[in-house]
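The values are calculated or read from the model by the stated rules, or taken from the named source; none is laboratory data. These numbers come from a predicted model, not from an experiment. Ideal geometry is used to build each Cβ from the backbone, glycine not excepted, and the neighbour counts take in all protein chains shown.
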Amino acid sequence: MTKPRVSETDRAYFRRLGEANERICEPDPATTLEEVFRRIEAMEQNLGPLAAPARPLDPVLADREAAAVARRFRRGRGLA
């Protein structure tokens with residue numbers, strides 16, 4: 001059985017992957033917690049609505065769900 005050979009396409013793919021990884025690495029990491037929070041705030045501003053949780057909790061729905069769970073426990077069925 002022969003060892004599998006790495007093709008030039010494979011090498012090019014991993015080269016591009018490595019270059020992309022280098023671009024996303026931060027050259028100046030935050031040194032204080034204040035700087036971390038400042039950067040997070042900047043990211044949230046840049047992302048706009050995308051920075052919000054994917055599924056905001058609707059208080060009415062949460063109350064209904066809690067009531068349904070409570071009814072189920074009162075009937076002695078528990079959660080399965």
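Hey, can you tell me all the residues within segment 41-62 that are at pLDDT below 80 and either exposed (fewer than 10 other Cβ atoms within 10 Å of the Cβ) or over 30 Å from Ala30 (Cβ atoms) (or both)?
Pro49, Pro53, Ala54, Arg55, Pro56, Leu57, Asp58, Pro59, Val60, Leu61, Ala62
Could you figure out which of (1) part of a helix (DSSP H, G or I); (2) touching a Lys or Arg at 6+ places or on another chain (Cβ under 9 Å) isn't true of Gly18?
It is condition (2) that Gly18 fails.
What about Leu33, is it of a type in the set (A, V, I, L, M) and under 23 Å from the mean Cα position of the chain (by Cα)?
For Leu33, the condition - of a type in the set (A, V, I, L, M) and under 23 Å from the mean Cα position of the chain (by Cα) - is met.
What number of residues within segment 27-40 satisfy the criterion of being among the charged types (D, E, K, R) and surrounded by 10 or more Cβ atoms within 10 Å (Cβ to Cβ)?
The number of residues fulfilling the criteria is 3.
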